[in-house]
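Scroll down for the structure; my scribbles are underneath it.
The values are calculated or read from the model by the stated rules, or taken from the named source; none is laboratory data. Just so we're clear, the structure is a prediction, and the values are computed from it rather than from any experiment. Cβ atoms come from the backbone with ideal geometry, glycine included; neighbour counts cover every protein chain shown.
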Amino acid sequence: MMYPLVLELAADGIPVTVTCRVLGFSAQAFYKWKRQPVTDRDWDDAHLINAALDIHHDDPAFGYRFIADELACAGVTANERRVWRLCSQERIWSVFAKRRGLSRKAGPPVHDDLVLRHFCATKLDELWLTDITEHPTGEGKLYLCAIKDVCSNRIVGYSMNARMTAQLAVSAVRNAIALRKPDGTKVHSDRGSQFRSHAFTRLLRAHGLIGSMGRVGACGDNAAMESFFALLQKNVLDRQRWKTRDELRLAIITWIEATYHRRRRQRGLGRLTPIEYEILATAKKAA
């Protein structure tokens, strides 16, 4: 915009009419701008952009459609086309979006790697591992975020949803906290946007949990969690075609709670199930 330049030149003694004529617009347009430098539309756009940035920071997986939905839930009136225009203008894109001419790199870690592939723990709630997997159904994909206690191999928290957002990981951690009430537990994950979101990191800090993140492109950094997902894949996910998300959700819960926790004996636990191991560990600690 050239109007501020007119003000600067006027301060140096150059007449407004001369500057406007040289720059190719009328003096009336300049004085109209001077009376209201920021239009109501620009003011509203600025507030919308700030609100969109807040939503996107909390969950980088959100694109403009999800942002428009969140704005509507917050009572902000803005049609989807306007949200798209402002998000494109400010380069507010989902981390999963494919953008022509742009390459997507893994996000920076928000925690140091405190595990360094040493997946061992001598007591319960010393180290938790978390990751997300997905599986198709007739209604679309179902995403599962699970949290495993390294000491007992028990799945202490999990959450399932049709969308892979930060809330998926947040819900899993909330469930784990409600079950275990940990203090100072390390929570190790990859660098997925769900685990780097403000909502996730705030939750860890609020409950005294310590975040840890592996390296980029190193699948072995969370191999212990992947081993659980491989069992789930073999014993549940690939056993049949799932018509609905609810059908698959029920099958996953049943297998985790009834089979994996209470019937599947593990050599690493002395041929005990995770529940049996935790009962003995708790009794030993009490004694």
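Helices (runs of 4 or more DSSP H) wholly in the stretch 1-93 with at least 3 residues that are in contact (Cβ under 8 Å) with a residue 12 or more places away in the chain and either among the charged types (D, E, K, R) or farther than 29 Å from residue 168 by Cα (or both) - which ones?
3-11, 16-23, 27-35
May I ask you to say which residue of 197, 227, 152, 212 is of a type in the set (Ser, Thr, Tyr), in the same structural domain as residue 273 (by TED's automatic domain parsing) and under 14 Å from the mean Cα position of the chain (by Cα)?
Values: 227 fails: under 14 Å from the mean Cα position of the chain (by Cα); 152 fails: under 14 Å from the mean Cα position of the chain (by Cα); 212 fails: under 14 Å from the mean Cα position of the chain (by Cα).
None of the other options fit; the residue is 197.
Looking only at the stretch 234-252, how many residues end up being in contact with a strand residue (DSSP E or B) (Cβ under 9 Å, 6 or more places away or on another chain) and surrounded by 14 or more Cβ atoms within 10 Å (Cβ to Cβ)?
Qualifying residue count, the stretch 234-252: 8.
Filtering the stretch 49-63 down to residues that are among the hydrophobic types (A, V, I, L, M, F, W, C) and closer than 24 Å to residue 132 by Cα, which residue is modelled with the lowest pLDDT?
As a first pass, look at the stretch 49-63 and keep what is among the hydrophobic types (A, V, I, L, M, F, W, C): 49, 51-53, 55, 61-62.
After this cut, where a residue has to be closer than 24 Å to residue 132 by Cα as well, the list is 55, 61-62.
Working: 55: 79, 61: 68, 62: 71.
Across the stretch 49-63, the extreme among qualifying residues is 61.
Of the residues 17, 77, which is surrounded by fewer than 14 Cβ atoms within 10 Å (Cβ to Cβ), among the β-branched types (Val, Ile, Thr) and within 35 Å of the chain's Cα centre (by Cα)?
On the way: 17 fails: within 35 Å of the chain's Cα centre (by Cα).
When all the criteria are applied, what remains is 77.
Test residue 156 against the stated conditions and say whether it is under 23 Å from residue 262 (Cβ atoms), buried (at least 20 other Cβ atoms within 10 Å of the Cβ), touching a strand residue (DSSP E or B) at 6+ places or on another chain (Cβ under 9 Å) and touching a residue at least 40 places away in the same chain (Cβ under 8 Å). Quick ask: steps written out before the conclusion?
Working: under 23 Å from residue 262 (Cβ atoms): yes; buried (at least 20 other Cβ atoms within 10 Å of the Cβ): yes; touching a strand residue (DSSP E or B) at 6+ places or on another chain (Cβ under 9 Å): yes; touching a residue at least 40 places away in the same chain (Cβ under 8 Å): no.
For residue 156, the condition - under 23 Å from residue 262 (Cβ atoms), buried (at least 20 other Cβ atoms within 10 Å of the Cβ), touching a strand residue (DSSP E or B) at 6+ places or on another chain (Cβ under 9 Å) and touching a residue at least 40 places away in the same chain (Cβ under 8 Å) - is not met.
Which pairs turn up if I take residues in the stretch 243-259 that are in contact (Cβ under 8 Å) with a residue 12 or more places away in the chain and within 12 Å of residue 160 (Cα to Cα) and look for partners that are surrounded by 13 or more Cβ atoms within 10 Å (Cβ to Cβ) and of a type outside the set (A, V, I, L, M) with beta carbon separation below 6 Å, at least 6 apart in sequence or on another chain?
Final answer for the pair search is 245/137; 245/139; 248/137; 248/242.
Within the stretch 228-273, which residues are among the polar types (S, T, N, Q) and either in contact with a Cys (Cβ under 7 Å, 6 or more places away or on another chain) or part of a loop (DSSP other than H, G, I, E, B) (or both)? Even if it seems obvious, please write down each step before you answer.
Within the stretch 228-273, the subset among the polar types (S, T, N, Q) is 233, 235, 240, 244, 254, 259, 266, 273.
Correct list: 240, 244, 273.
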